[in-house]
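Report on the structure given below.
The values are calculated or read from the model by the stated rules, or taken from the named source; none is laboratory data. Since the model is a prediction, treat every value here as computed from it, not as a measurement. Every residue, glycine as well, gets a Cβ built from its backbone with ideal geometry; the counts of neighbours run over all protein chains shown.
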Amino acid sequence: MKLKVFCLVCLVVALLSGCKKAAPTPTVEAPKVDVRDTFYFLAANNRDPFYVPGVKGLNDAAASLGMRAEFVGPMDLNMAEHYRVFEQLIVNPDTAGIMLYPTDPSVQGPLILEAQAAGIPIVMAAADSPTPLRDAFVGYDNAILGVQAAEWAASLIDGQGTVGTMGLITAGGVMERAEAFAAHLRANYPGITVVEGGTHDGSAEGEVEAMDSYLVANPDMTLIWWADGAAATVAQPVKERQEAGLKTLFLATDMPDATLQAVKDGVFVGSVGQDTYTEAYWSVLVLNQLRLGQRVPDTLYLSAIMVDKSNVDQYLSK
């Protein structure tokens, strides 16, 4: 009898076991790979030595984050090419963020919105956008920079003489600082005559031609502030004219080695240092925080560095 009961129990167990569905094999999802691993610095006229310190800051910051970085844009002042590269970056699957130098907001603005819609953060540098389209700004208050340059220029000429400015005609931030420079001198230094600023087209030939025309129109110029970062391009022509008897002092802007060397050699009396290394380095750090979904400051203002013979050696590349 016990044997029959045991057999019955075994039969029931066997039947139940046969009806039980096999457990499904668990599926393992492949890890999601973030292909957006490159920060881009998009500018224009990329051959200009002005950008050299900034590119180093870009690369150093990206390396510290384990990311890649690339400096892109046209090698001359070609806005159509600048916008074409911008469009390519938006559809590029590896674009993690763009550090952007400003141009025409009517063209750049829609592209910024398109990039943001694609999940690409934008940090504006050098000069801020007139519209709050970018995710953040890292750079300079150009009005303050202009006032700083004006105070330095006034001290260099003891508050007496004729002063002018030169700058890239299409650069809004440059015009802003030049206007602040002139306004501050007119308001505070009655012994200084401020003449209307000159402009150039951004090409090496155009800069030299604009400088020569400006000096011909203003032969008694005591000091010219080259208010954009292109002064390095005219360092040699300025030296040649000084050797021929030119007495006008040249105050530069920014800190590429060519400009700093001209300061050391006495060609430029000094340079209002827009520290593009720090600008690019912090732009990448902010881009990375945005990439990770973190909140960041809307604006980070940097301090200008006044470079002359007394401190130039600490900023020249070793």
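Taking first residues from the range 71-84 that are aliphatic (A, V, I, L, M) and partners that are part of a strand (DSSP E or B) and at pLDDT below 95, the Cβ contacts under 9 Å between residues at least 6 apart in sequence or on separate chains come to L77/L168. Looking across R134, R186, one residue alone is outside any helix (DSSP H, G or I) and of a type in the set (K, R). It is R134. The sole residue among A149, A187, A136, A154 that is in the same structural domain as E114 (by TED's automatic domain parsing) and either farther than 26 Å from V55 by Cβ or crowded, with 20+ Cβ neighbours inside 10 Å (or both) is A136.
One line per residue, one yes/no per condition, for (1) in a loop (DSSP other than H, G, I, E, B); (2) modelled with pLDDT of 95 or more:
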position	(1), (2)
C7	no, no
F41	no, yes
N45	yes, no
F71	no, yes
D76	yes, no
M99	no, yes
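Any residue that is of a type in the set (S, T, N, Q), at pLDDT below 95 and either surrounded by 20 or more Cβ atoms within 10 Å (Cβ to Cβ) or under 30 Å from L290 (Cβ atoms) (or both) - is there at least one of those in the range 161-177? Yes, that holds for at least one residue.
A quick yes/no check of all residues on (1) modelled with pLDDT of 95 or more; (2) assigned to a loop (DSSP other than H, G, I, E, B); (3) farther than 19 Å from F181 by Cα:
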residue: T278; (1), (2), (3): no, no, yes
residue: V284; (1), (2), (3): yes, no, yes
residue: Q289; (1), (2), (3): yes, no, yes
residue: S303; (1), (2), (3): no, yes, no
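Okay, residues lined up against (1) modelled with pLDDT of 95 or more; (2) among the hydrophobic types (A, V, I, L, M, F, W, C); (3) within 26 Å of R177 (Cβ to Cβ):
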| residue | (1), (2), (3) |
| --- | --- |
| D60 | yes, no, no |
| I90 | yes, yes, no |
| E114 | yes, no, no |
| V147 | yes, yes, yes |
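Total residues in the range 262-276 satisfying the condition of being more than 21 Å from the chain's Cα centre (by Cα) and either basic (K, R) or not in a loop (DSSP other than H, G, I, E, B) (or both): the figure is 4. Scanning the range 237-259 for residues that are part of a helix (DSSP H, G or I) and either among the hydroxyl-bearing types (S, T, Y) or modelled with pLDDT of 95 or more (or both) yields P237, V238, K239, E240, R241, Q242, E243, T259.
Here's the yes/no breakdown for (1) of a type in the set (A, V, I, L, M); (2) crowded, with 21+ Cβ neighbours inside 10 Å; (3) within 16 Å of F50 (Cβ to Cβ):
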| position | (1), (2), (3) |
| --- | --- |
| D201 | no, no, yes |
| D212 | no, no, no |
| L215 | yes, no, no |
| L246 | yes, no, no |
| L260 | yes, yes, yes |
